[in-house]
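J.: Could you have a look at this structure, given as structure tokens, before my questions?
The values are calculated or read from the model by the stated rules, or taken from the named source; none is laboratory data. Computed from a predicted model, the values in this text were never measured in an experiment. When we count neighbours, we look across all protein chains shown, and the Cβ atoms used for this are built from the backbone with ideal geometry, even at glycine.
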Amino acid sequence: MQDKSSRDQYKRDWDTRFVSTTSTMDEDQCYYNETIAFFYNRSGKHLATGWNTVSRLVMGLGITVCIFIMLANLLVMVAIYVNRRFHFPIYYLMANLAAADFFAGLAYFYLMFNTGPNTRRLTVSTWLLRQGLIDTSLTASVANLLAIAIERHITVFRMQLHTRMSNRRVVVVIVIIWTMSIVMGAIPSVGWNCICSLKSCSNMAPLYSNSYLVFWAVFNLVTFVVMVTLYAHIFVYVRQRTMRMSRHSSGQRRNRDTMMSLLKTVAIVLGAFIICWTPGLVILLLDVFCSSCNVLTYEKFFLLLAEFNSAMNPIIYSYRDKEMSATFRQILCCQRQENVNGTVAEGSDRSASSINHTVLGGGVNHHHHQHDHSVV
């Protein structure tokens, strides 16, 4: 890896040669037919020429993690599908979050085979596709987490455990999420890039415009702040309400602990996402606004951290939700879930789903919430 001073000097020398050889060219000329090396050389970003032991090890580890990500999140989607106790809008959104993580696994898998020395073989369009897939998966994850936060905020303040939103509306929300995600990922490919304005190219992403990276990073960071604010509001409200309830009835203590456990699970998912992705988004901003920061030194570490996040949610569900982990075991052991009468097949964790309906207040649709769980 080149140090910062040598990389900057290389870029200045390259710019001098570029200006001297293209002084007669139109300033608005586009470079769609140039090689990837052309853009990387201009940005000063190292472009490997061959495979070494470390790069092969990293690629092997990356592919292994990608396979785990796809299988683990596929397990979450199947669990929510086969277990009727999970057939609520909040779980459909969580299944869609698992779908976003599954898609992230595919995006990273594609990246693993088109990184290192293989980057040189990419065309402008395939490089933009490689980056666009990752952008789409991140946007889908952010949008799903925001939808979950809004859903939890609405249901808690209406003293419900599950929203009464219809399945049709959930489908509409999911369609909107993926439409927005695909659009966000495709924006650079359809024009918001630096192929026709080389001076605006990023160092970390040599074909991306600095303005797009600033927009993308700020958009996601602001969304993170909104989600944290929503959950903080929920926690304060639930704590105040349950403390008032506990003064009237000692039996409400268990309900208070249950609701706090419910909220903590999704908060952990959100927290893990923010911890894994915020460093990468911040380093994008540093790449644009801090010319003395050697961001390329840390780029690969933050990308790896972001990749691991897509594998964390199934682990969190297994640790926090007994019903979900029991369903995982049933699927992996090929056990059946429930019979027609709703009795649980052998091996399931029946007690995991017996949560009283009065978590936020007595008498709230008892008949509709008999099978609530330990995940929001």
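J.: Considering every residue within the range 76-90, establish whether at least one is among the β-branched types (Val, Ile, Thr) and under 22 Å from Trp277 (Cα atoms).
T.: For the range 76-90, residues among the β-branched types (Val, Ile, Thr) and under 22 Å from Trp277 (Cα atoms): present.
J.: Of everything in the range 70-90, what is in a helix (DSSP H, G or I) and over 24 Å from Ala107 (Cβ atoms)? Give them in sequence order. Let's see the steps before the verdict.
T.: Step one: of the range 70-90, the residues in a helix (DSSP H, G or I) are 70-82, 84-86, 89-90.
Correct list: Val82, Arg84, Arg85, Phe86, Pro89, Ile90.
J.: Continuing with the same structure: Does the range 290-308 hold any residues that are in a helix (DSSP H, G or I) and not hydrophobic (A, V, I, L, M, F, W, C), and which are they?
T.: Narrowing the range 290-308 to residues in a helix (DSSP H, G or I): 295-297, 299-308.
Across the range 290-308, the qualifying residues are Thr297, Glu299, Lys300, Glu307.
J.: Of the residues in the range 103-131, how many are closer than 22 Å to Gly50 by Cβ and either in contact with a strand residue (DSSP E or B) (Cβ under 9 Å, 6 or more places away or on another chain) or of a type in the set (Gly, Ala, Ser) (or both)?
T.: Number of matching residues: 1.
J.: On the basis of being surrounded by 22 or more Cβ atoms within 10 Å (Cβ to Cβ) and either under 13 Å from the mean Cα position of the chain (by Cα) or part of a helix (DSSP H, G or I) (or both), does Ile182 make the cut?
T.: no
J.: Among (1) surrounded by fewer than 20 Cβ atoms within 10 Å (Cβ to Cβ); (2) of a type in the set (A, V, I, L, M); (3) under 24 Å from Trp216 (Cβ atoms); (4) touching a residue at least 60 places away in the same chain (Cβ under 8 Å), which single condition is Leu133 missing?
T.: Evaluating Leu133 over (1) surrounded by fewer than 20 Cβ atoms within 10 Å (Cβ to Cβ); (2) of a type in the set (A, V, I, L, M); (3) under 24 Å from Trp216 (Cβ atoms); (4) touching a residue at least 60 places away in the same chain (Cβ under 8 Å) leaves (4) as the failure.
J.: Looking for something more than 17 Å from the chain's Cα centre (by Cα) and either closer than 15 Å to Ser141 by Cβ or not in a loop (DSSP other than H, G, I, E, B) (or both) - is there at least one such residue anywhere in the range 46-54?
T.: Yes, the range 46-54 has at least one match.
J.: What do you reckon, is Glu34 surrounded by 10 or more Cβ atoms within 10 Å (Cβ to Cβ), of a type in the set (D, E, K, R) and either modelled with pLDDT of 85 or more or at negative phi (or both)?
T.: Values: surrounded by 10 or more Cβ atoms within 10 Å (Cβ to Cβ): yes; of a type in the set (D, E, K, R): yes; either modelled with pLDDT of 85 or more or at negative phi (or both): yes.
Against the criterion (surrounded by 10 or more Cβ atoms within 10 Å (Cβ to Cβ), of a type in the set (D, E, K, R) and either modelled with pLDDT of 85 or more or at negative phi (or both)), Glu34 qualifies.
J.: For the range 122-167, name all the residues that are modelled with pLDDT under 90, over 23 Å from the mean Cα position of the chain (by Cα) and not small (Gly, Ala, Ser).
T.: Thr155, Val156, Phe157, Arg158, Met159, Gln160, Leu161, His162, Thr163, Arg164, Met165, Asn167, listed by residue number.
J.: Got a number for residues in the range 78-119 being aromatic (Phe, Trp, Tyr) and under 12 Å from the mean Cα position of the chain (by Cα)?
T.: Here the count works out to 2.
J.: For Gln240, all conditions in the list (1) farther than 17 Å from Ile268 by Cα; (2) of a type in the set (S, T, N, Q); (3) surrounded by 14 or more Cβ atoms within 10 Å (Cβ to Cβ) hold save one; what is the number of the exception?
T.: If we test Gln240 against (1) farther than 17 Å from Ile268 by Cα; (2) of a type in the set (S, T, N, Q); (3) surrounded by 14 or more Cβ atoms within 10 Å (Cβ to Cβ), just (3) comes out false.
J.: From Gly116, Gly62, which residue is on the phi > 0 side of the Ramachandran plot and either surrounded by fewer than 22 Cβ atoms within 10 Å (Cβ to Cβ) or touching a Pro at 6+ places or on another chain (Cβ under 6 Å) (or both)?
T.: From the options Gly116, Gly62, the qualifying one is Gly116.
J.: Residues Cys196, Cys201: which one is of a type in the set (A, V, I, L, M, F, W, C), in contact (Cβ under 8 Å) with a residue 60 or more places away in the chain and in contact with an Asp or Glu (Cβ under 7 Å, 6 or more places away or on another chain)?
T.: Selected residue: Cys196, the only one of Cys196, Cys201 that is of a type in the set (A, V, I, L, M, F, W, C), in contact (Cβ under 8 Å) with a residue 60 or more places away in the chain and in contact with an Asp or Glu (Cβ under 7 Å, 6 or more places away or on another chain).
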